[in-house]
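For reference, the structure is listed below as structure tokens.
The values are calculated or read from the model by the stated rules, or taken from the named source; none is laboratory data. On a predicted model such as this, the values are computed, not experimentally measured, just so you know. Virtual Cβ from ideal backbone geometry, glycine too; neighbours counted across all protein chains shown. Accessible surface areas use protein heavy atoms only, side chains included; no ligands, DNA or RNA. Shrake-Rupley method; radii C 1.70, N 1.55, O 1.52, S 1.80 Å.
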Amino acid sequence: MTNKNEIGNKELSPEQREGLLKALKERFEKNMARHEGLEWANVLAKLEANTEKLWSLHEMENTGGEPDVVGHDTETDEYIFYDCSAESPKGRRSVCYDREALESRKEHKPKNSAVEMAADMGVELLTEEQYRELQKLGNFDLKSSSWVVTPSHIRKRGGAIFCDRRYDTVFVYHNGAESYYGARGFRGSLRV
């Protein structure tokens, strides 16, 4: 997990950087179907040019997200990373949806919220559409679920949405934004 010193400085030690790049390269090469036609050397050049994004990827990795490249935006020349762990990242579970939801709980408050944790990590929560795109690349969240960006009209009424995969189908559900469960976390996206 992130400590306050790391949040302020957002730089990795040489050992952390080397370990992260090795893990990302191995994952990239092992899962070529997620990013057909893309080359690791080009991804690596982008990562080396942007240490703050590398720090965010480290946070994704450190909390169990197993980030991997899932696309390339040719208009912006950015590589798109999503959390590709089989289940919702373990280091990001038992969180409610956002700060407002966290503050609305009278007792048994979770330690954090998905929206705040994502912001601290420098990543975005997946949208429902992005979540569905991820599910085309494999079978994710067969036992867990993940908060996704909630439309404002739902959030204004106190709700939030999450997704999972059951019966070979992606489901979208709703819950009170203040709820939290040991099997629900969130998945992030990052553009580099």
Region 146-192: trypsin sites (Lys or Arg not before Pro) in DSSP coil with no more than 13 other Cβ atoms inside 10 Å: 156, 157
FRET E, pair residue 90, residue 116, Förster distance 22 Å, beta-carbon r, rounded to 0.05: 0.75
Amide H contacts under 5 Å for residue 179, placed H, 5+ residues apart: 97
Residues residue 181 and residue 44, FRET efficiency given R0 of 30 Å [Cβ-Cβ distance, rounded to 0.05]: 0.20
Acute angle (nearest 10 degrees) that the helix 51-62 long axis makes with the longest principal axis of the chain, alpha-carbon atoms: 60
With at most 16 other Cβ atoms within 10 Å, longest stretch of the chain clear of loop GluC sites (Glu not before Pro) (DSSP): 108-192
Beta bridges by DSSP in the chain, antiparallel share as percent, to the nearest 5: 85
Accessible area per residue in Å² at 1.4 Å probe, computed on region 117-189: 49
Distant-in-sequence amide H partners of residue 187 (H built 1.01 Å from N, under 5 Å): 126, 147
Relative contact order computed over region 92-192 (Cα-Cα under 8 Å; 6+ residues apart), in percent: 37
Lys pairs under 24 Å by Cα in region 34-157, provided they are eight or more residues apart or on distinct chains: 10
Whole-number Å³ per residue for the convex hull built on Cα positions in the chain: 121
Å² per residue, accessible surface of region 1-109 at 1.4 Å: 57
Carbon/sulfur fraction of accessible area - region 18-104, other protein chains in place, 1.4 Å, %: 43
Whole-Hz couplings from phi, Karplus 6.51/-1.76/1.60, listed for region 103-109; x for Gly and Pro: 5, 6, 6, 7, 8, 6, 6
Selected from 31, 62, 139 as most flexible by GNM, with the chain as the system and alpha-carbon contacts under 10 Å: 31
Over the chain, relative contact order from alpha-carbon pairs under 8 Å, at least 6 apart, %: 23
Per-residue HN-Hα couplings for region 18-31 [Karplus 6.51, -1.76, 1.60; θ = phi - 60°; Hz; x = Gly/Pro]: 4, x, 5, 4, 5, 5, 5, 5, 4, 5, 4, 5, 6, 10
Estimated distance in nm for a label pair at residue 133 and residue 9, the labels positioned 7 Å out from Cα along Cα-to-Cβ: 3.5
